[in-house]
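Quick notes on the structure that follows.
Every number in this text was worked out from the coordinates using simple rules, so none of it is lab data. Predicted, not measured: the structure shown is a model, and the values here were computed from it. For neighbour counting, all protein chains shown are included, and Cβ atoms are generated from backbone atoms with ideal geometry for every residue, glycine included.
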Amino acid sequence: MTPREDTIIALATPQGTSALAIIRLSGNDSIHLTAKLFRGKDLTQQKTHTVHWGTLQTPSKVLDEVLVTVFHEGRSFTRENSVEISCHGSPLIVKEIIQAFLHQGARLAQPGEFTQRAFLNGRFDLAQAEAVADLIHAETDNARQAALNQMRGGFSKEIQRLREELIHFASLIELELDFGEEDVEFAKRSDLRQLMEQLLGYLERLIRSFQQGRVIKDGIPTVIAGKPNAGKSTLLNALLNEERAIVSDIPGTTRDAIEDEMTLGGIRFRFIDTAGLRETTDAIEAMGIERTHTHLRKASLILYVFDLSNTTPAAMEAEEAQVKKLNIPYLKIGNKADKALADNLTWAQAHEALVISASHPAAVDMLQKTILARFALPDVKPGDVVVTNVRHVQQLQETSEALTRALRGLDTGTTGDLLAMDIRQALYHLGEITGTITTDDLLDNIFSKFCIGK
Ligand SMILES: Nc1nc2c(ncn2[C@@H]2O[C@H](COP(=O)(O)OP(=O)(O)OP(=O)(O)O)[C@@H](O)[C@H]2O)c(=O)[nH]1
Ligand SMILES: [Mg+2]
């Protein structure tokens, strides 16, 4: 990463034409640099968190009439001197203002650099910084609440507590090591075992919360599959309430997968309509079917559609056996109820399929209710700790493995130094979550995923 002392600048609002735009600066010299281009009050003499009207100008021309907010070191988001310029939202004005600042010696901010500085200046820890990005990208109430909880430090506090308990024991054991030959035990083994078991149980709960966390953050990839002409595309369109996919009575209409998202009961579903499954000699269709298989393997939920007007119980039985093999939750849908053959209808009802007519509006309502009944998740409440980040869950798993090793070591009466090593490993992984322990690569990787200006 580049030095923290220099002044960085970026547009903080979306690109394009808008009523207003906000340009943000951070760094020791940011107020001073702004004062050089600003005609109005002397910005270097103003209190923190005050707003000033004036013009920005270069020697050759006036750039815009603006409002400038100044923030003093220690009181700003980055904890450095900072400035926010509200200007008119014209891409040309924004470009010229930023260029004028670059001439003065500011440089363009990298993605996430403002948040990264806030982290490096100790404003919050790494997990909280990551929550800032999650908050910006949250698309459902649950995602927003989970990110907000994490940003406010709920998760970080839990990790900190785990670390402190471990550090306490690690230091007792290391003390024992200092005494070397003398056979002393500062860390009572039975206490240590109890603590480990408690911590492992707690880690397990956190790791399990990721199942909910992942759904909250990434949504549920839901694949609609079945034989050609079963009514898959009709179902997708009905769910989305939009003519998204082409529907026709020619089997093999859909070839490429068609995706779209919608939110049901606070959960984001990504519906993927696929090419119908059958043996085919058509090369293009065969490629489409290959893609169906790929999507099916990656699905979190499968809506498997049967055409009750054109199949047999034996055929449905065989198809279900194939779906079952994938080991992914699936919902059977008996479609075309309006034209269903009696045997098929009986089979569908006996096998807990949802019997609908996809072309009838009532179907959607029924389908949505069934999906939610099966996949409902508790709403995230303020204060709930839900792990939503893959990086965090990986570190939690590593911590858990190290502690399990330590626990096994206790059982087999292992030496103090081996124990200390496992506990140090566990501490290391917990530290990586909150950023007590970091590497430049890790930071670059995390902050590069932010938008520029954040
Ligand atoms: N009667 C009746 N017809 C339906 C129903 N749902 C779909 N259809 C008709 O069935 C035909 C096939 O529908 P699609 O949605 O294109 O089927 P598909 O499964 O996407 O087919 P492929 O893309 O070829 O695999 C169309 O003519 C639809 O209008 C239903 O509930 N009742
Ligand atoms: Mg289709």
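The table below gives the values:
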read-out: Loop-resident sites, the range 249-310, for GluC sites (Glu not before Pro), counting at most 13 other Cβ within 10 Å (DSSP); value: Glu279
read-out: Out-of-range pairs (alpha-carbon distance over 24 Å; input Lys298/Lys324; Lys324/Lys381; Lys369/Lys449; Lys36/Lys95); value: Lys324/Lys381; Lys369/Lys449
read-out: More than 29 Å apart - percent of Cα-Cα pairs taken over the chain; value: 64 percent
read-out: The chain: antiparallel DSSP beta bridges as a percent of all, rounded to 5; value: 60 percent
read-out: Test item: Cα-centred dipole of the range 195-278, Lys/Arg +1 and Asp/Glu -1 on Cβ, debye; value: 220 debye
read-out: Net +/- balance of residues flanking Ser359 in space, Cβ distance below 10 Å, scoring K and R +1, D and E -1; value: 0
read-out: Against the rule of thumb 2.2 N^0.38 Å, how large the Cα Rg of the range 219-357 comes out; value: 0.98
read-out: Point-charge dipole on Cβ atoms (K/R +1, D/E -1) for the range 219-357, about Cα centre, debye to 20; value: 380 debye
read-out: Local electrostatic count at Leu303 - Lys and Arg +1, Asp and Glu -1, tallied over other residues with Cβ under 9 Å; value: +2
read-out: Convex hull of the range 119-270 built on C-alpha atoms - directionally averaged projected area, nm²; value: 15.0 nm²
read-out: Projected area averaged over orientations for the range 310-454, convex hull of C-alpha atoms, nm²; value: 16.9 nm²
read-out: Proportion of all alpha-carbon pairs of the range 8-125 beyond 18 Å (%); value: 47 percent
read-out: Cut-off 14 Å between beta-carbons: net charge of the residues surrounding Gly40, Lys and Arg +1, Asp and Glu -1; value: 0
read-out: Rounded Å value of the spacing that divides the Cα centres of the range 417-454 and the range 54-120; value: 31 Å
